[in-house]
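Report on the following structure.
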Amino acid sequence: MPTISTRKVPFLDLRVPENERKEILHAIDTVLQHGRLVIGPEVNTFESCIAEYCSKKFGVGMNSGTDSLFLALKALDIGPGDEVITTSLSWIATANAIALTGARPVFADISDDLNIEPKSVLNLISTRTKAILPVHYTGKVCDMNALQSISEEKQIPLVEDAAQAFGATYRGKPAGSFGQIACFSMNPMKILGACGEAGIVLTNDPSVHERLICLRYNGTINKEQCVVTSLNCRLDTLQAAILLYRLKNVSNHIDKRRSIAAYYNEHLVDYVTIPKEMEGSRDIYYTYTIRTSLRDKLKSYLEERGIEVKIQHPYLMCQQPIYKQYLKQPVPNAEKIVREILCLPIHEKLTLEDLDYVVSSIRNFFS
Ligand SMILES: *Cc1c(COP(=O)(O)O)cnc(C)c1O
């Protein structure tokens, strides 16, 4: 028996390195000095920078990705009696945002790329369908050609849940550029992360933009007249300032993740199903998700060796107690895949020794 190493490989490490900390403290100090803590100038700059990055006209900063999705659907006037088709594999925020509008989430099956299966979407469309909400899961953009043609043919808007995919591209176009509306989360775990909760909604449509501004602040116009029931979902100026600083480094982070993914791919291809990138696309690897039928055994084996791995997510949204009754059609591929997925550590602070240790542990497990 080989001796068990005491090496620890964390799944995530959100501590801010020294050089970055100085810059962030400086950005915070600037905001503290000008004092416009609520919708200060950094919020507006952040909105236009992100919109430009994603080839959209307007951005509306929000206090989370969940609120971004919820208000995006509200901006399309989606509510009771309506249906929104989404994927079955995502963080539960996606389904919650739909259900909170009063609409019914309708769960489609997924493909081997872990993203929503366009044919399954087509089969689920009814007269009540008011939006299609694909999730660019793991940081890989969905089959947008197919989804956009369904959307155009059936005249049903697309709302992108791009929470995991900031900076990813598909046929040369960025995540967030495809839907009538696109939503991002900038929570600290995401590729472009704040030091707290944050999100943004993007659109090209001036009337949707106006409605989002209204919905974001208790459904008011000019902060005076309330024309629709809503919440306070504004993005903090402090988080916007931090995000503006981090936006400058985001492409380095993406490159680092992509090189880790390439390393894993090269060394694991003979042992597990590795994520495949479509030609012309650039995945950003919010998670590096492998598949194996020995998932649970492999997970314990790696954990015993100090390698923190995660199942994201162990339940499909349509398997959750609250959403079980919403399932319209079986999702056999999703049910199979959810038993096989495992996310390996992939973040900026991993060293080559860490990666080598992960790879050799997985190889040892299989041999
Ligand atoms: C993170 C995430 C959200 C929610 O974002 P929050 O900012 O945490 O509210 C929604 N959808 C997906 C796919 C996510 O990964």
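The values are calculated or read from the model by the stated rules, or taken from the named source; none is laboratory data. Quick caveat, the model's predicted, so the values are computed rather than measured. Cβ placement follows ideal geometry from the backbone for every residue including glycine, while neighbour counts extend to all protein chains displayed. Accessible surface is based on the protein model in full, side chains and every heavy atom, while ligands, DNA and RNA are left aside. Shrake-Rupley method; radii C 1.70, N 1.55, O 1.52, S 1.80 Å.
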Notebook entry, point to check: Tell me, which residue of the range 313-356 that is assigned to a helix (DSSP H, G or I) and open to solvent by less than 30 Å² (accessible area, probe 1.4 Å) is farthest from Asp283 (Cα to Cα)?
Noted result: Cys318
Notebook entry, point to check: If a residue has to be open to solvent by less than 40 Å² (accessible area, probe 1.4 Å), in a helix (DSSP H, G or I), farther than 24 Å from Val250 by Cα and not aliphatic (A, V, I, L, M) to count, how many in the range 112-143 make the cut?
Noted result: 2
Next item on the list: Counting only residues that are more than 16 Å from the ligand (Cβ to nearest atom), give me the helices (runs of 4 or more DSSP H) lying completely in the range 1-97 with at least 3 of them.
Entry: 18-34, 41-53
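Conditions tested, residue by residue: (1) hydrophobic (A, V, I, L, M, F, W, C); (2) more than 30 Å from Phe11 (Cα to Cα).
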| position | (1), (2) |
| --- | --- |
| Thr138 | no, no |
| Ala146 | yes, yes |
| Ser151 | no, yes |
| Ala168 | yes, no |
| Glu210 | no, yes |
| Val228 | yes, yes |
Check: What are the pairs, 6+ residues apart or on separate chains, where a residue within the range 193-216 that is farther than 26 Å from Asn252 by Cα and free of Cβ contacts under 8 Å to residues at least 40 places away in the same chain has its Cβ under 7 Å from a residue that is β-branched (Val, Ile, Thr) and open to solvent by 60 Å² or more (accessible area, probe 1.4 Å)?
Finding: Cys214/Ile221; Cys214/Val227
Item checked: Odd one out for Ile78 among (1) at pLDDT 95 or above; (2) closer than 20 Å to Ser251 by Cα; (3) not basic (Lys, Arg) -> (2)
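Residues checked against (1) within 16 Å of the ligand (Cβ to nearest atom); (2) touching a Phe, Trp or Tyr at 6+ places or on another chain (Cβ under 8 Å); (3) assigned to a helix (DSSP H, G or I); (4) open to solvent by 50 Å² or more (accessible area, probe 1.4 Å):
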position: Ile156; (1), (2), (3), (4): no, no, no, no
position: Lys190; (1), (2), (3), (4): yes, yes, no, no
position: Cys195; (1), (2), (3), (4): yes, no, no, yes
position: Glu210; (1), (2), (3), (4): no, no, yes, yes
position: Val228; (1), (2), (3), (4): no, no, no, no
position: Leu243; (1), (2), (3), (4): yes, yes, yes, no
position: Asn252; (1), (2), (3), (4): no, no, yes, yes
Checklist line | Options Val359, Val331, Val309, Val272; residue that is at pLDDT 95 or above and touching a His at 6+ places or on another chain (Cβ under 7 Å) | finding: Val359
Check: Do we find a residue being open to solvent by 10 Å² or more (accessible area, probe 1.4 Å), within 17 Å of the chain's Cα centre (by Cα) and β-branched (Val, Ile, Thr) anywhere in the range 169-186?
Finding: yes
